[in-house]
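Chemist: First, the structure itself, so that you have it in front of you.
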Amino acid sequence: MNAPIRRDSASNSDSSVRLRLRTRGWPLYNSNGYRSLEKGFELDEAITFTFVRSPLRIECKDIVDQQDFTRLHCPYVQDLLNQLENSIFEEVHFFSRYMEEMKSANFFKRCLPFSCTVFKFTEKQYHAFRSMSMMVADVPKPIPIRKNKSKFNKVKPIVDFRSVKVQGGKGGDGCISLRRLCKNPLGGPDGGDGGNGGHVTFKATSNKTSLEHISSVLKAEDGEKGINRDCHGKNAEHLVVEVPIGTMFKSTVGEILADLNEDGAVFIAARGGAGGKGNHYFATDVNQAPEIAEYGAAGEELSYTIEIRTIAHVGLIGLPNAGKSTFLRAISRARPKVAPYPFTTLQPHVGVVKYDDLQQVTVADIPGLVAGAHRNRGLGISFLRHIERCLCLLYVVDTSLPEPWQQLEVLRYELGQYDKNLLEKPSGVLANKMDLVQSKENLNELELYVNNINLPLFPVSAQEGVGILPILHYVRKLYDVSCMKEESDEKGE
Ligand SMILES: Nc1nc2c(ncn2[C@@H]2O[C@H](COP(=O)(O)OP(=O)(O)OP(=O)(O)O)[C@@H](O)[C@H]2O)c(=O)[nH]1
Ligand SMILES: [Mg+2]
């Protein structure tokens, strides 16, 4: 038997994991080492292999017969996560000869935000594992935020709803003019036509993300008047207002009139009036010098409500004070206000999480909901409307409060009462404030409830920035799933 890998006297820290990671091309996680993972777990020759697995699954039974293993399901190990900071994974497999001791050391009670399978293996199998390495697929990793947050005092919430009045430009008036030249005193009518008024148009563009730049009254320019010598007035330029892709225009009665769902799509919201004809237009055989001309027509005047269909890919929902804003600050450069009183956030804030495949996922901090929100308690309806416009949802629960599952129950009840489809959106649960002592006691009962409703649970401390990486990985998964769903919906149409 080969000598087991021994603890390095220099690296006697509890959380040491030897992990060789080849980053170019397909990363190869070849981790063979040992570690003592929890204080008190100090066994000689303790050999623990840690295999990190990314979404491309390679069944372990390909390597060693699975029947030989003892399987345990444990929810969380924070220490390991800290060590593997820059890796993204779905499952961690621990291979140890000393499973019983690890169990008794309470090691598996530590939180891991993904399912974790533990295998016990024999002395003989140990050799097979020693030389084993696992091929895993490259998964997009979130790029850590390096740039400091802006020092600019004003924090901008996202504006996703606007009521606007739009008015097309008035057409220019036609001109009444009779040509009089010294050698031709009855030169006939030469009044030019007025120019057309401009339209008010909205154009979808990827450069915009909110409606904050849209004022409540939008008026296009008027056409110029016609003048003598048959000079026509100039047509006014159209007013083009850029809006984010996915902007919907509704009439005052709530009917959807337009949905700009692709880059460059245009909606003419109010047409400009046509220019009036000058008097030359009215000359006839019997009336060679008409002294009449047209006024320019007035432009259309209409009112719309404008809404963004999707304000963010992921929405953070929770009761007031659950820590939604703190979490958004932890994962992005957004700076929503954080304070220990309810309803600190009254308008949604959006942060951007960037991944190393250049994909950006937006996360919205939605104002807190309270029981009765679907009956507009605590401005609930307007907050629920924001939730409608997120592709997937993350429920944020304050785990330090007694019976934290009740928070989840209230949130899901309110969502269901407002719109049943909201409950169908891909979701996850964040058990926040895990740094507090009470939270550790409450986590188990929350976990039971969350398992019953088939949602993944992520223990996290938004304030300390612990447990963030697995959530960002999950957020990316939710994003990919919802994009695929959208694509298939479009094809179905
Ligand atoms: N100990 C601890 N405190 C936290 C954590 N996350 C948030 N808090 C605190 O909880 C309080 C509320 O946090 P916010 O982020 O403002 O909560 P919110 O959900 O945005 O609240 P509203 O905007 O009012 O809906 C603040 O005092 C935070 O410091 C955490 O992980 N641990
Ligand atoms: Mg807030």
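Chemist: Report the net charge of residues surrounding Gly318, where surrounding means a beta-carbon distance below 14 angstrom and charges are Lys +1, Arg +1, Asp -1, Glu -1.
Modeler: Every neighbour counted, the sum reads -1.
Chemist: Right, another one. Using the number of other C-beta atoms within 10 angstrom as an exposure proxy, rank Ile468, Ile256, Ile311 with the fewest first.
Modeler: Neighbour counts put them in this order, fewest first: Ile256, Ile468, Ile311.
Chemist: Determine, for each peptide in 367-374, 197-204, 178-185, 476-483, the mean count of other beta carbons within 10 angstrom over its residues, then list the peptides with the highest first.
Modeler: The densest-packed peptide leads the list: 197-204, 367-374, 476-483, 178-185.
Chemist: If you rank Thr252, Thr326 by fewest surrounding Cβ atoms within 10 Å, what's the result?
Modeler: Going from least to most buried by this count: Thr252, Thr326.
Chemist: Among Leu181, His238, Gly194, whose Cα lies farthest out toward the positive end of the dipole of the range 161-308, if unit charges sit on the beta carbon of Lys, Arg (+1) and Asp, Glu (-1)?
Modeler: Leu181
Chemist: Also, I was wondering about something else. For the range 181-190, in order, what is each residue's ³J(HN,Hα) by Karplus, 6.51 cos²θ - 1.76 cosθ + 1.60 with θ = phi - 60°, in whole Hz (x at glycine and Pro)?
Modeler: 10, 5, 9, 8, x, 10, x, x, x, 9
Chemist: By counting other Cβ atoms within 10 Å of each Cβ, how are Asp398, Asp435 ranked from fewest to most?
Modeler: Asp435, Asp398
Chemist: Further question on the same structure: Collect residues whose amide H, placed 1.01 Å from N in the peptide plane, falls under 5 Å from the amide H of Val159; neighbours closer than 5 in sequence don't count.
Modeler: Hits under the 5 Å cutoff: Leu211, Glu212.
Chemist: Next question, about the same structure. How about the range 265-341: which GluC sites (Glu not before Pro) there are in a DSSP loop, with at most 14 other Cβ atoms within 10 Å of their Cβ?
Modeler: Glu291
Chemist: Considering all projection directions equally, how large on average is the shadow of the alpha-carbon convex hull of the range 161-308, in square nanometres?
Modeler: 10.7
Each value in this text was obtained by applying a stated rule to the coordinates, not by laboratory testing. The model shown is predicted, which means the values in this text are computed figures rather than measured ones. Cβ: placed from backbone, ideal geometry, glycine included. Neighbour counts: every protein chain shown.
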